[in-house]
Each structure stands twice: as C-alpha cells, then as structure tokens.
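Inspection log for the structure reproduced underneath, given as structure tokens.
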Amino acid sequence: MSTAVPPPKAAKWDYAPAPESFKPAIAPEHGLYIDGKFTPAKSGRKMDVINPATEEHLTKVAEAGKADVDRACEAAKKAFRGWSRMKPRERAKLLFRVARKLQERAREFAVLETLNNGKPIKESRDQDVPESAKHFFYHAGWCDKLRYAVPGGHEPGPVGVCGQIIPWNFPLMMAAWKLAPALACGNTCVLKPAETTPLTAIRLAEVFRDCDFPPGVVNIITGGPEAGKAIAQHPGFDKIAFTGSTEVGRMIVKGCAGRSVRLTMELGGKGAHLIFADAAIDQAVEGAVQGIFSNQGQVCCAGSRLLVEESIADIFQAKLLHRMSSLRLGDPMDKNTDVGAINSAPQLKRIQGYVKIAREEGLKVLESGTGEIPKKGFWCRPTALAGVQPANVVAREEIFGPVVCLMTFRTVDEAVSRANDTPFGLSAGVWTEKSAKMFDVARRLRAGVVWCNGFNLFDAASPFGGMKESGFGREGGRHGLMEYMAH
C-alpha cells in the first residue's frame, strides 16, 4: 500500500479518568494446589509476580519442579477412579457450580486478570470472564449426554490423567478451555499456567475447592519451563494439551514421541485478513482493528497480515490509520483504555526487534494511538507496517504484538495464494459482500478457522484449532470434547 491518501485528522476527545475501583485481595504468597490443598514447592523456591503496566510487585508464587509434578500427577491418578465413575449428573452439578461462581465473582476475576496480564479491563470484563463461564456452562451440559457426541451411541470413557499447559495471553480463558471439557468427560487434570500470569488460575483453584470438587481432580501448579518440561515428559499422563508457541510445541511433540500419550497442540499463527473491494469498508476497518489490536495483538489467531484489494488500498489505509489514531493507550484499569501493556519485558523486546527489522528492510513504520507512554511498564503503540511484501521477515514470522502488516492483491487467486503462503494455518478472515465469493475464498484458505465479515469471534460450541505449524486437535464444541474421550 502507498500512503498517497493522507489519513484524516482524528477528532480530539477528552475523557475523564474512569478507573476500576474494585481491589481484590492478593495474599503475599501462594502455594501449589495439589490434592485439594495449597502447599509449598518441594524445593521451597518462589517466583515474583508483577503488574506489567507498572512493574509493581503483586505477590510470590511457588515454583514447581519435577518432584511437585510427580506429586500432582499421583494425586490426579488417585482421584481418577472416583471422578470417572461419578454419576454424570453429579459431575455436571459441580461444573455448573464453577460457572456460576465465575459469574458471581466476575469483577474480582476481571481485575486480577488485568492486573497480572496488562490487558484493558474492558476486555477481561466483557470477554475473558464471560467466555470462561460460558465454557463451564457449555461442558456441564454435555456430562450426561456424551454418548450423543460420538458415532454409534455408546457411552465413551475418559482418556485418564491430563497434563495441561496454558499461555500468558488469556490465562483464565485458556484454563477454562482446557479444564471444562476434560472434567466433563471424567478426566482428572494437572494444569500449569504461564510463569508471568498465574493469579487467576490460583483463584480458580480456590473456586474448585469451594465448590467441593474431590481432592486431586484438579491440580494447579505454578512454575517456569522446568515444570512445563516435567509435565510434557512425565510418563504418568495419558494426555498432554498445550497452547503456546510453535517452538515449544515442537519440543513437547519430540518429548512425547514413542510414548502412548494423546496430544493436542494449539500453536502460533500469522493470520491473513482479506479485504475485497466490494466489502463494507468502514465495517472491515473496524474488523481489522479488532483482529490485530485486541489484547495488544498478543493473540495466536490475530489477523496480523492485512491483505487489501489494490483498488481500495489507499482509502482503506487512510481509514485504518484514522481509526488507529483514536485508540487510547494507557492504564489498563481505566475503562476507556483500548490498548494496555505488553505482558513482559522479553515480549516487548521481541516486538521492538521485529519493528527494527521492518525499518531495516525499508518498510514504512506508522505508529499511532492517543495517550502518553507511561514511564514504567511495558508499552508498544499500535503500529502499521506499510508496503510489506511476502518475502519480508515481518510477513513470515509471528510478531505477537500490536503490529499489522499491510499488503495488497489484485485478483482472488493472488489473494488466496498470498494468504496461504505461510507455514502457519490457524486463522484467516474474509470481507466481501458477495456471498459466493466469500464461501469460495473461505473454502480455499488453509487455516483451521476462517471468519467471514468478522474476526476473533468465539463460541464454546464452535471448535477452534489449527493446521500446519499452528498445531492439531480442536478445543470447544463437540470436536473439542472428543479430544478428551477414549472412544
């Protein structure tokens, strides 16, 4: 895209501060949740947890090692017999109880998620917590209907003990995506949240305890790569479910090779977002903004490659930059904030590294957004890279930040070819008012999820997952349920 059409000047809006006032109690230290109790790590090691928007210390959590994973796995094994044989309606009762507790304590979970992750409070309040509750409600409904989820109508059994490793971008929602279907099918679980974002998973452990789940059915251990590696290589797990980077996913798959263990991998992405000339442009601009700047772009299925038909490229870019200029960056706890803090210093450094590469490759770097960059914390302005070609590094590698690559195409075939020219295959989007073209293009895109005239739309009843280097297996819906059933 060129910059021939200058972006219109954004209207200046003044907002009074609207900070979230709820202050959740956070204990000075947290242990591992194993066999229904909070316990320190065997080694006694602890990790600091900080607020990425201020770099303030929030608490310390136990740092699990191999001995702790052994303990958690043993507790899950011990609990498996009773949980898997519990009457389905009783399991459903407990899962419904968790969903209702999440709704009752929604404000507390939303604030904790924002404090620990850096995402805007309006996203954790309106998306993460409701979606998490929805997954427990949805899967609770399946508990006594599992026979209808598989061919043949027989009663399927559970897989066994599940080791689950989740990332830092959606800590609560990923915990719900992993735990709810596994528990509904009668499995027991050992879940490890990311080392930078353990707070909502720990609070979720309290909910399981308060909802009278039998000890050992759910175990939540905090820790770093050592704990993750111990889970991936532990022979006691019957299934490993991982969401995270493709690089770590490859190591887990290699570690599991030769063992009788089921795997689900939801890995990185480089989503293509196709805008055709006949699309409703203003709606498509809003969809593009939602597709890349939601959660600061730290989304595996983000629409980070924006492919626009050449005939509307200049006007689309102008409108996109105009919309970007109105995005408010700053305090994540302010209800008016659109773009919060990057989750950690290493992730910010990674994003800045890619922007530097873009400059060295001669691309135009267009930073935007209103609000001063705070003096502390990890911050990155919404950024568009103009004139990106398929061979550029930023068009091929996952940046995982608020950076969108602007590209063009002339024909439908070229659009599909460019969209599929990536080793990833997690998500894609199509904007056009021609339904025949929409379905034809969607069918030809090599991605696990394709959104039409929208982006980043989720539902507990709809499966989600990738292909190629974006992983395998599905989460959500009947397809996700089958990943946790021995059938």
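Odds and ends about this structure:
- Residues considered: 110, 67, 92. Of these, the only one that is farther than 21 Å from residue 196 by Cα, open to solvent by less than 40 Å² (accessible area, probe 1.4 Å) and in a helix (DSSP H, G or I) is 92.
- Scanning the range 1-43 for residues that are touching a strand residue (DSSP E or B) at 6+ places or on another chain (Cβ under 9 Å), at pLDDT 65 or above and among the hydrophobic types (A, V, I, L, M, F, W, C) yields 13, 18, 26, 27, 32, 34, 38, 41.
- Some residue of the range 387-398 being out of contact with any Lys or Arg (no Cβ under 8 Å at 6 or more places or on another chain), closer than 27 Å to residue 50 by Cβ, hydrophobic (A, V, I, L, M, F, W, C) and at pLDDT 95 or above: no
- Options 123, 195, 131, 155: the member that is under 20 Å from residue 465 (Cα atoms) and among the acidic types (Asp, Glu): 131
- Matching residues in the range 34-59 - criterion: being outside any loop (DSSP other than H, G, I, E, B), within 26 Å of the chain's Cα centre (by Cα) and surrounded by fewer than 16 Cβ atoms within 10 Å (Cβ to Cβ): 48, 57
- Given (1) crowded, with 17+ Cβ neighbours inside 10 Å; (2) touching an Asp or Glu at 6+ places or on another chain (Cβ under 9 Å), index of the condition residue 419 fails: (2)
- Residues of the range 459-487 that are in contact with a helix residue (DSSP H, G or I) (Cβ under 7 Å, 6 or more places away or on another chain) and surrounded by fewer than 18 Cβ atoms within 10 Å (Cβ to Cβ): 461, 462, 478.
The values are calculated or read from the model by the stated rules, or taken from the named source; none is laboratory data. Note that the structure is a prediction, hence the values are computed from the model and not measured. Every residue, glycine among them, receives a Cβ derived from its backbone with ideal geometry; neighbour counts consider all protein chains shown. With ligands, DNA and RNA removed, areas are computed over all heavy atoms of the protein, side chains included. Shrake-Rupley method; radii C 1.70, N 1.55, O 1.52, S 1.80 Å.
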